[in-house]
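Trainee: Input: one structure, supplied below.
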Amino acid sequence: MENNYNEEALMIIENFTPKIKQCLHQTSYQEREDLEQEIKLKIIEKLAKQEFNDTPSFWDFFI
Amino acid sequence: MCNEHQKIEEFFRRNIEQVKNPIISSFLADAKNLYLVQNAILYPTDCNMKMVDETFQSHYIRVRKIKYVSSLIYYFSLDFDKKRRRLQNRYLLIVDNGISGSDSAGEDERIEEGLLDTIENEELFKALRKLTDKQLQILEMIYVKDSPIKVIAESLQTTPQNISNLHRKALNKLHHMLRKEVN
């Protein structure tokens, strides 16, 4: 399970790399590397902690 | 077969609004999912319904995660910069603060007093009083404050050459006046 999490986080980070790079422009040039690292750390943290369990059933949408 | 088609079409027509829902339509865009749903419509057994539900839930979770991470990245980078700027404003480095106009003027005044106060020789004091304000100011900055010519020029908004000239003239003037006194 742990391994699964890590792989998933890795994949998400990989897929989001362009978006992360784009958001680095929010801060000054010297801080960009720091920010990139912090974002990745945050993603890993949040994916491990956050619960996404309250999903509705498919059939709830239909009558 | 024809009957099956009708059944499926009828189901989707009945739920046209729900099918337009982005989460549903993205789920149905995958042929495998669509097949599962059609299967469940035709044969609504518990097993079929459950299979649809499970795949739908994993799809739903994935979409939510993507959305979550996307906004996390955006807001986190905004907050990061805000935090950085706040800290920077709170803990200013002293070297970052150049000599501002008002500050140096205050200091000049204090030094001016300092120079005239430190003179014990009466003749020299009188001679100094006869100099122009600017010459006095420059002498003070050079001899009391020990500032480089360049810095003085910047604070008086003129060129270093001009400061040198005024400095030399002031010294010559003092020299002349003191010579006369002695004679």
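Taken together, the values in this text are just the output of simple stated rules run on the coordinates, not laboratory data. Please read these numbers as outputs of a predicted model, since none were measured by experiment. Glycine also receives a Cβ, built like all others from the backbone with ideal geometry; neighbour counts cover every protein chain displayed.
Trainee: Towards the positive end of the charge dipole of the protein assembly as shown, with charges on Cβ (+1 Lys, Arg; -1 Asp, Glu), say which of B:ILE61, B:LEU136, B:ALA170 has the farthest Cα.
Mentor: About the Cα centre, the residue reaching furthest to the positive side is B:ALA170.
Trainee: Do me a favour and compute the ellipsoid semi-axes for the protein assembly as shown from its Cα gyration tensor, root of five times each eigenvalue, largest one first, whole Å.
Mentor: Details: eigenvalues 1466, 52, 34 Å².
After diagonalising the Cα gyration tensor, the semi-axes are 86, 16, 13 Å.
Trainee: Quick one: if you take sqrt(5λ) for each eigenvalue of the C-alpha gyration tensor of chain B, what semi-axes come out, biggest first, whole angstrom? The partial results should precede the final answer.
Mentor: Numbers: eigenvalues 1764, 40, 21 Å².
So the three semi-axes of chain B are 94, 14, 10 Å.
Trainee: Placing unit charges on C-beta atoms (Lys and Arg positive, Asp and Glu negative, everything else neutral), compute the dipole magnitude of chain B about its Cα centre in debye, rounded to 20. Present the calculation step by step, with values, prior to reporting the outcome.
Mentor: On the way: 28 positive and 26 negative charges, 109 e Å.
Roughly 520 debye, rounded to the nearest 20.
Trainee: Divide by every residue of chain A the summed helix terms, -39500 (n - 2.57) for each DSSP H run of at least 4, and state the resulting mean residue ellipticity at 222 nm, rounded to the nearest 500 deg cm²/dmol. Write out the running numbers ahead of the final one.
Mentor: Working: 2 runs with 40 residues, N = 63.
The helix contribution divided over chain A gives -22000 deg cm²/dmol.
Trainee: Using a simple spin-label model with points 7 Å from Cα along the Cα→Cβ vector, what separation in nm is obtained for A:GLU33 and B:ARG86?
Mentor: 2.6
Trainee: State the dimensionless ratio Rg/Rh of chain A (Rg: radius of gyration of Cα atoms; Rh: Kirkwood radius). It would help to have the intermediate numbers written out before the result.
Mentor: Details: Rg = 16.1 Å, Rh = 13.9 Å.
So for chain A, dividing Rg by the Kirkwood Rh gives 1.16.
Trainee: Between A:LYS46 and B:VAL19, what's the calculated FRET efficiency when r is the beta-carbon distance and R0 is 25 Å? Round to 0.05. Numbers along the way, then the final one.
Mentor: Values: r = 32 Å, r/R0 = 1.27.
The calculated FRET efficiency here is 0.20.
Trainee: Here's a follow-up. With only Lys, Arg, Asp and Glu charged, each at its Cβ (+1 for the first two, -1 for the last two), find how big the charge dipole of the protein assembly as shown is about the Cα centre; round to the nearest 20 debye.
Mentor: 720
Trainee: Would you compute, from DSSP H runs of 4+ residues alone, the mean residue ellipticity of chain B at 222 nm, taking -39500 (n - 2.57) per run and dividing by the full residue count, rounded to the nearest 500?
Mentor: Values: 10 runs with 152 residues, N = 183.
That calculation yields -27500 deg cm²/dmol at 222 nm.
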